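Working notes for the structure below.
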Amino acid sequence: MSKRSQPTWSLPSSGQKRPVLKLYNSLTRQKEEFVCTNRNRINWYSCGPTVYDASHMGHARSYISFDILRRILGNYFGYDILFVMNITDIDDKIIKRARQNYLYEQYMKDQKSLDCITDDASAVVNYYEEVVKNTGDPDKKNSLQIMLDNVASAVKVLKEAVQSKDQEKIILAKCDLLKSAKDPLSEWLDTKLGSTVSDNAIFTTLPRHWENEFHKDMKALNVLPPDVLTRVSEYVPRIVEYIQKIIDNGLAYESNGSVYFNVSEFDSRDKHHYARLVPEAYGDTKSLQEGEGDLSDDAAEKRSSNDFALWKRSKAGEPSWPSPWAQGRPGWHIECSAMASDVCGSKLDIHTGGVDLKFPHHDNEIAQSEAYFDEPGWVNYFLHTGHLTIAGCKMSKSLKNFITISDALKRHTARQLRIAFLLHGWKETLDYSDNTMEMAIQTEKTFNEFFLTVKDAMRSGYNEGCGGEWRAEDQQLANKLSTVKEQVHAAFCDNIDTRSTLDALRELVGAAHIYLRQTQPRNAPLLCTAARYVTDILHICGAIEGPRGGIGFPVADGDGVCYEEAVMPYLEMLSTFRGAVRSAARNGRANEVLSLCDELRDVILPELGVRLEDKADRTIVKIVSKEELMKEREEKKRIEAEKQRKKQELLEAQRLKEEQKKISPADMFKKDTDKYSKFDDKGLPTHDHKGNELSKGLIKKLQKLQQAQEKKYTEYLASINTC
């Protein structure tokens, strides 16, 4: 009767403990286990762009990487994320660029006389000669020098055109001068007239335009929009309140209408520590000054060179807002602190930005926020993306390797760019080069061919339904799928290691191909599961758009209709028809029918984005982008043309070789009158073209050549006699 009671149950042993998520934290300079402050909720703030020009690949480096991290933390690890990003639309760069654009446009409207334009251009050259002389950065100096040379050259051409009195030449030279001198002329005009610009609207139009362009670029890159987007221009009153509290806490001071953060006072307090991210940069006045902006000249107002501006009193020609201290505008660093604190409160789980922002921007952010809340630990995890280089070099307009996002998208798709980023660690330097993109393209092709092959297998008898014998091949694929899932989890836990993740997925792709080679069409749900798993991980990383759950890269038309599902029945019917025609033609020796079939395969269907692959027993149908097929066709033509060229070169070489045999040894040197002037009775040269006697060594070499030709000539004569 004792066995009729509930038996004892033992907790199963889990074996080896699964890895936990660790992220590289710039605050400790090592990987740390990730723990949320509020259960599963992540408060995440990311530094947004300063919108005064087109977004470039340096921006893509940060925002694609952040998007990958955000998607994996949310869609794989299941965190509830509040993602906040700012738009810096008040900044020294914006003010200066907006002012210069306005002044240049006014200058163009004024219809200056030729003499005035020439005089102004000469003044610009003189001004820029001093600027170039005083510029220390080699890249910038080189860029300015090139610009200066172009302007000087254009001035010279205009003066020559005026002297020639040729009106057409004068008009062209004038246009070329104004075009080449736009940037230096704008800079020069700003030094003279910048203080006269007073309309605040001028400083709004420029950033709003480039903000819209930034959002378009992010959408084109499949970067998720932030949950909260803040603009500095809309936060000025809140920033003023924020600064006032820091003053009240004794960690900032007013000076001549501006407000500065008191670094030494902050650092002297026990619970605070200035430059938490880069302690060794404390006192780096050059970096601090760069962080203050181009329009700042406040050394005399500060108590210390380490102090930095929270509020800048506006000078003539600058936009301004009211404050208790003076009409002015926020400093760069305070913007992020005020906006992030307003949305997320006194604690950020994650703060992200580019590595170049560590000091002084992010260190100043931390100090300001800790001063405001009067407690340390404003950010728990600071994540910084690595630098981006262009073919091994720093991106620079002077090096002519400055690539905007829109330019990059003309060469490669958003998916290819993202895969390139996935193949590199998010915190490491990424080199954007032809080699990098070729690796990304090949990786995309590997996955795409796998998806296409699985889809074809599913249409050819590898059913997704259950049932059937469980064989060794099924067990092997099941084991590999399980192993890869563990590898992917471990890689994601290890600082979101996407490179190792893709390596693991490629292993699963290889195992699936082996499975298909070893088996015949049958019920194979594991094959579909493997394909869906690869698709899902790529979807989680943002490399696949649309809803989750399908297989492969979706191909949709402009209305979002799945192109593949819509046309596949017709294509399969066409494929069957073509197979029957080929079979009939082979039996009847109808070469023309075969030719038409090949034309259908090589010309007509590729125009529709369809690839047919002839196998021994059937024809496989694959839908691929038209552009890719056109590239394949052009590459095939190029390879065929190269083959023909080499064949022709070989034939020509053989022809020349045969012609060479026909030359008599006694005559072989006599045609070289530019080298030799006298010959012996056997036709061997004895004197050069100037009449100087040849050296014995040279004569010996010529004798060997003549003997070799004599052998060839003898063989030629023998072949004639035989005929």
- Are any of the residues in region 77-92 part of a helix (DSSP H, G or I), in contact (Cβ under 8 Å) with a residue 60 or more places away in the chain, in contact with a Leu (Cβ under 8 Å, 6 or more places away or on another chain) and not hydroxyl-bearing (S, T, Y)? yes
- Message: Suppose we filter L189, L177 for residues that are surrounded by 20 or more Cβ atoms within 10 Å (Cβ to Cβ), in contact with a Leu (Cβ under 7 Å, 6 or more places away or on another chain), part of a helix (DSSP H, G or I) and in contact (Cβ under 8 Å) with a residue 24 or more places away in the chain; which single one remains?
- Response: L177
- Query: Restricting attention to region 382-393, and to residues there that are open to solvent by 20 Å² or more (accessible area, probe 1.4 Å) and closer than 29 Å to W44 by Cα, which single residue is farthest from the chain's Cα centre (by Cα)?
  - Reply: H387
- Item | Residue list for region 498-534, filter: open to solvent by 40 Å² or more (accessible area, probe 1.4 Å), charged (D, E, K, R) and either assigned to a loop (DSSP other than H, G, I, E, B) or closer than 17 Å to R471 by Cβ (or both) | R517
- Query: Of (1) part of a loop (DSSP other than H, G, I, E, B); (2) at pLDDT 80 or above; (3) surrounded by fewer than 17 Cβ atoms within 10 Å (Cβ to Cβ), D602 satisfies all except one. Which?
  - Reply: (1)
- Task: Filter region 363-381 down to residues that are in contact with a helix residue (DSSP H, G or I) (Cβ under 7 Å, 6 or more places away or on another chain) and assigned to a loop (DSSP other than H, G, I, E, B) and give me whichever is most open to solvent (accessible area, probe 1.4 Å).
- Result: P376
- Item | region 658-674, residues that are out of contact with any helix residue (DSSP H, G or I) (no Cβ under 8 Å at 6 or more places or on another chain) and in a loop (DSSP other than H, G, I, E, B) | A666, D667, K670, K671, D672, T673, D674
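Residue-by-condition table, conditions (1) under 19 Å from K347 (Cα atoms); (2) of a type in the set (G, A, S); (3) over 24 Å from the mean Cα position of the chain (by Cα):
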position: S26; (1), (2), (3): yes, yes, no
position: N40; (1), (2), (3): yes, no, yes
position: D53; (1), (2), (3): no, no, no
position: D91; (1), (2), (3): no, no, yes
position: C116; (1), (2), (3): no, no, yes
position: D119; (1), (2), (3): no, no, yes
position: A123; (1), (2), (3): no, yes, yes
- Residues that are surrounded by 18 or more Cβ atoms within 10 Å (Cβ to Cβ) and among the charged types (D, E, K, R), drawn from region 394-425: R415, R418
- When you look at R71, is it open to solvent by less than 40 Å² (accessible area, probe 1.4 Å), touching a Ser or Thr at 6+ places or on another chain (Cβ under 7 Å) and basic (K, R), yes or no? no
- Item | Only listed residue being in contact (Cβ under 8 Å) with a residue 40 or more places away in the chain and within 30 Å of R29 (Cα to Cα), chosen from R459, R499, R506 | R499
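Restricting to region 429-469, what's the tally of residues that are among the acidic types (D, E), under 22 Å from T385 (Cα atoms) and touching a Lys or Arg at 6+ places or on another chain (Cβ under 9 Å)?
The total comes to 0.
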- region 106-159 - residue that is under 16 Å from K182 (Cα atoms) and outside any helix (DSSP H, G or I) and, of those, most open to solvent (accessible area, probe 1.4 Å): Q111
- Task: Taking the options D53, D67, name whichever one is within 20 Å of K216 (Cβ to Cβ) and either at pLDDT below 95 or not in a helix (DSSP H, G or I) (or both).
- Result: D53
- Query: Within region 650-659, can one find any residue that is in contact with a His (Cβ under 9 Å, 6 or more places away or on another chain), at negative phi and open to solvent by less than 100 Å² (accessible area, probe 1.4 Å)?
  - Reply: no
- Task: Could you figure out which of (1) over 32 Å from the mean Cα position of the chain (by Cα); (2) outside any helix (DSSP H, G or I); (3) in contact (Cβ under 8 Å) with a residue 40 or more places away in the chain isn't true of W470?
- Result: (3)
- Item | Breaking point among (1) under 30 Å from H387 (Cβ atoms); (2) modelled with pLDDT of 95 or more; (3) open to solvent by less than 80 Å² (accessible area, probe 1.4 Å); (4) of a type outside the set (K, R), for D91 | (2)
- Note on the structure: Taking region 696-723 and keeping residues outside any helix (DSSP H, G or I) and open to solvent by less than 70 Å² (accessible area, probe 1.4 Å) leaves none
- Note on the structure: Output for Cβ contacts, cut-off 9 Å, separation at least six or different chains, first residue under 22 Å from A708 (Cβ atoms) and β-branched (V, I, T) in region 678-697, second assigned to a loop (DSSP other than H, G, I, E, B) and open to solvent by less than 70 Å² (accessible area, probe 1.4 Å), reads T686/D680; T686/L694
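Tell me yes or no: at least one residue of region 198-206 is farther than 20 Å from A123 by Cβ and either touching a strand residue (DSSP E or B) at 6+ places or on another chain (Cβ under 6 Å) or crowded, with 20+ Cβ neighbours inside 10 Å (or both). Steps first, please.
Quick first cut of region 198-206, residues farther than 20 Å from A123 by Cβ only: 198-206.
If we keep only those that are either touching a strand residue (DSSP E or B) at 6+ places or on another chain (Cβ under 6 Å) or crowded, with 20+ Cβ neighbours inside 10 Å (or both) too, we end up with 203, 206.
Yes, there is a match, as at least one residue in region 198-206 is farther than 20 Å from A123 by Cβ and either touching a strand residue (DSSP E or B) at 6+ places or on another chain (Cβ under 6 Å) or crowded, with 20+ Cβ neighbours inside 10 Å (or both).
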- Item | Condition met for M439 (open to solvent by 70 Å² or more (accessible area, probe 1.4 Å), of a type in the set (A, V, I, L, M) and farther than 30 Å from N38 by Cα) | yes
- Task: Answer yes if at least one residue in region 477-492 is touching a helix residue (DSSP H, G or I) at 6+ places or on another chain (Cβ under 8 Å), open to solvent by 10 Å² or more (accessible area, probe 1.4 Å), more than 30 Å from E33 (Cβ to Cβ) and touching a residue at least 24 places away in the same chain (Cβ under 8 Å), and no otherwise.
- Result: yes
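The values are calculated or read from the model by the stated rules, or taken from the named source; none is laboratory data. Note that the structure is a prediction, hence the values are computed from the model and not measured. Virtual Cβ from ideal backbone geometry, glycine too; neighbours counted across all protein chains shown. We work out accessible area using only protein heavy atoms, side chains counted, and drop any ligands, DNA or RNA first. Shrake-Rupley method; radii C 1.70, N 1.55, O 1.52, S 1.80 Å.
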